[in-house]
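Colleague: Okay, handing you the structure first.
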Amino acid sequence: MYNPNMLILGIETSCDETAVAIVEDGIHEIASVLASSADFSIETGGIVPEVAARKQLEFIIPVISKTLEQSHLENSQIDAIAVTVGPGLIGSLIVGVESAKALSFACNKPLIAVNHLIGHIYGNFVDSKKAVEFPALVLVVSGGHTDLVLMKGHGNFEYIGGTLDDAAGETFDKTARLLGISPYYGGAALSKVASECKESNPILKLPRPIMHSNNFDFSFSGLKTAVRTVALAKKFSFELIAKEFEEAIVEVLVFKTIKAAKKYDAKSILLGGGVSANRRLREVIEQESEKNGFNLHVPPLKLCADSAVYIASAGFFNQNKLELKDIQPNPSLGIADEIK
Ligand code: KG4
Ligand code: ZN
C-alpha cells in the first residue's frame with residue numbers, strides 16, 4: 001500500500017563499506033553517508049573479511065548518527081528501517097543486520113530485509129527523471145553476480161539466466177590483476193587502460209563465451225583463461241589485451257540482454273551493479289537499446305557502487321513483514337531466491 005512521505009533508513013554492509021541513507025517514498029534521497037575500508041583492501045590486495053567487519057563495527061554508529069544529522073530529522077520521524085541481509089561477507093552482514101535489528105527493536109519501527117542484488121536494481125528509481133515502464137529486462141552485473149531478470153513490477157521478478165561460473169566484475173578484477181593493472185577491484189582501472197589504448201590489431205580476437213547458446217546464461221572463466229594464454233605469449237601489449245577483453249565481455253552481456261528483452265517483450269532495459277559503471281557497457285547498450293526500441297535506464301555512477309540509498313528504495317517498494325527473529329544474514333543469498 002502506498003504510504004506518502006514514508007521515510008526509510010537504509011543500512012548496507014555487505015562488503016567493505018558501511019553505508020547508511022534516508023530515502024523518502026523510495027525515490028528521493030534525503031541523506032547518505034558512507035565509510036569504507038577499501039584502503040585496507042587495496043593495501044592487502046583484496047578484502048580481509050575480519051578487517052572489514054571490525055571496521056564496520058567501528059563505523060556503524062557514527063555513520064548512522066551522521067546520516068540523521070545530515071537529514072535534519074529526528075529518529076522518531078523515520079518510518080521503517082531497511083537492511084541488506086545478503087549476499088555478502090558474513091561478518092560484514094552481521095554488523096548491519098544486528099545494528100538494524102537493535103534500532104528497530106529500540107525505536108519500535110518495522111525492519112525490512114533487502115536482497116543486495118535486488119537493491120542494485122533500485123539505483124534506477126532514485127531521483128530519476130524518467131519512469132520505468134514494465135516489463136523491464138534487468139542486467140545485474142556486480143563483483144560476485146551476473147544475472148538477467150525480468151521485472152514485471154515491484155516485487156514481481158522472474159529469473160531469466162545468470163553466470164555459470166565467474167561474475168562479470170570478478171572477471172574484470174582477475175583480468176586486471178593478471179595484466180598487472182590493479183591488484184584489487186581493478187574493473188574501472190582496466191576500463192581506463194582500454195579506453196586510452198589507441199592501437200588496433202584485427203588478429204587479436206578473444207572468445208565470446210556461449211554468446212550464441214540457446215539460453216540466457218553466461219560463462220566467463222574461459223575468457224579469463226584465454227587472456228592468460230594471450231598475455232603469456234607476449235605478442236600483444238597489455239593495453240590492447242585489456243581493450244579486446246572489454247569488447248568481448250561487453251559484447252556478450254549486451255547481446256544476451258537485448259535477445260532476452262526481445263523474447264520477453266520488455267519495454268525497458270535496466271542495468272545495475274558495480275560493472276554498470278563501465279563506460280563501454282553503457283555506450284554499447286545505449287546504441288543497441290535505441291536501435292531495438294527499448295527505453296534504457298542506467299543508474300547514476302554513485303548508485304552503481306554499493307550504497308544504502310538503493311537499499312532504502314528497494315525496502316520501500318518491496319515491504320516484507322518479517323518478524324525480527326526471522327531476519328538473518330545470508331551470505332549466499334542469490335537473486336533467484338527472491339523469485340517466488
Ligand atoms: O556491485 P559492486 O560495487 O559490489 C558487489 O556487490 O559485488 O561491484 C563491484 C565490481 C568490482 O568487480 C569492480 O571491479 C566492478 O564492479 N567495477 C567495474 C567498473 N567499476 C566497478 N568493472 C568494470 N568497469 C568499471 N568501470
Ligand atoms: Zn553490490
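Colleague: Toward the positive end of the charge dipole of the stretch 136-299, about the Cα centre and with charges on Cβ (Lys, Arg +1; Asp, Glu -1), which of L271, V149, L206 goes farthest?
Modeller: L206
Colleague: Still on this structure: Determine the sum of side-chain charges near K174: Lys and Arg each +1, Asp and Glu each -1, restricted to other residues whose C-beta is under 10 angstrom from that of K174. List each step's numbers first, then the result.
Modeller: Working: positive: R177, K224, R228; negative: D166, E170, D173.
In short, 0.
Colleague: With the cut-off at 22 Å, tell me which of the pairs K129/K262; K174/K205; K174/K235; K267/K302; K263/K291; K109/K129 have Cα atoms farther apart than that.
Modeller: K129/K262; K267/K302; K109/K129
Colleague: Quote the FRET efficiency, to the nearest 0.05, computed for E283 versus D337 with a Förster distance R0 of 25 Å and r equal to the Cβ-Cβ distance. Spell out each step's value before the answer.
Modeller: On the way: r = 32 Å, r/R0 = 1.29.
FRET efficiency, E283 to D337: 0.20.
Colleague: Also: When only C-alpha pairs under 8 Å and at least 6 residues apart count, what is the relative contact order of the chain, in percent?
Modeller: Value for the chain: 25 percent.
Colleague: I've got another one for you. First compute the accessible area of the chain with a 1.4 Å probe, then give the percent of it belonging to carbon and sulfur atoms.
Modeller: Working: 8330 of 15130 Å².
Carbon plus sulfur share of accessible area: 55 percent.
Colleague: Order the peptides 174-180, 314-320, 194-200 from the highest to the lowest mean number of other Cβ atoms within 10 Å of their residues.
Modeller: Peptide ranking by packing, descending: 314-320, 174-180, 194-200.
Colleague: Given the convex hull over the Cα atoms of the stretch 136-299, what projected area results after averaging over all orientations, in nm²?
Modeller: For the stretch 136-299, averaging the hull's shadow over all directions gives 9.2 nm².
Colleague: Further question on the same structure: If I stretch the segment between I42 and M6 completely, what's the gain in nm (0.36 nm per residue apart, minus their alpha carbon distance), one decimal?
Modeller: Values: separation 36, 0.36 × 36 = 12.96 nm, distance 3.82 nm.
Once the chain is fully extended between I42 and M6, it gains 9.1 nm.
Colleague: Calculate for the chain the 222 nm mean residue ellipticity that helices alone would give, adding -39,500 (n - 2.57) per DSSP H run of length 4 or more and normalising by residue count, nearest 500 deg cm²/dmol.
Modeller: Numbers: 10 runs with 137 residues, N = 340.
Result for the chain, helices only: -13000 deg cm²/dmol.
Colleague: Let me ask something else. Roughly how many Å² is the accessible area per residue of the chain, as a whole number, for a 1.4 Å probe?
Modeller: 44
Colleague: FRET efficiency for K205 and E290, Cβ-Cβ distance as r, R0 = 25 Å, nearest 0.05? Intermediate values should be presented prior to the final figure.
Modeller: Values: r = 26 Å, r/R0 = 1.06.
FRET efficiency, K205 to E290: 0.40.
Colleague: How high is the FRET efficiency from S65 to N215, r the C-beta distance, R0 45 Å, rounded to 0.05? Intermediate results must be reported in sequence, preceding the final value.
Modeller: Details: r = 48 Å, r/R0 = 1.07.
The pair S65/N215 has a calculated efficiency of 0.40.
Colleague: Moving to a separate point now. Using alpha carbons only, how many angstrom separate the centre of the stretch 180-209 from the centre of the stretch 50-70?
Modeller: Taking the Cα centre of each part, the stretch 180-209 and the stretch 50-70 sit 36 Å apart.
Colleague: For I285, I339, write out the residues from largest to smallest accessible area, computed with a 1.4 angstrom probe and no ligands counted.
Modeller: Descending accessible area places them as I339, I285.
The values are calculated or read from the model by the stated rules, or taken from the named source; none is laboratory data. Keep in mind the model is a prediction, meaning the values are calculated, not measured. Virtual Cβ from ideal backbone geometry, glycine too; neighbours counted across all protein chains shown. Please note that ligands, DNA and RNA were not included when accessible areas were found on the heavy atoms of the full protein model with its side chains. Shrake-Rupley method; radii C 1.70, N 1.55, O 1.52, S 1.80 Å.
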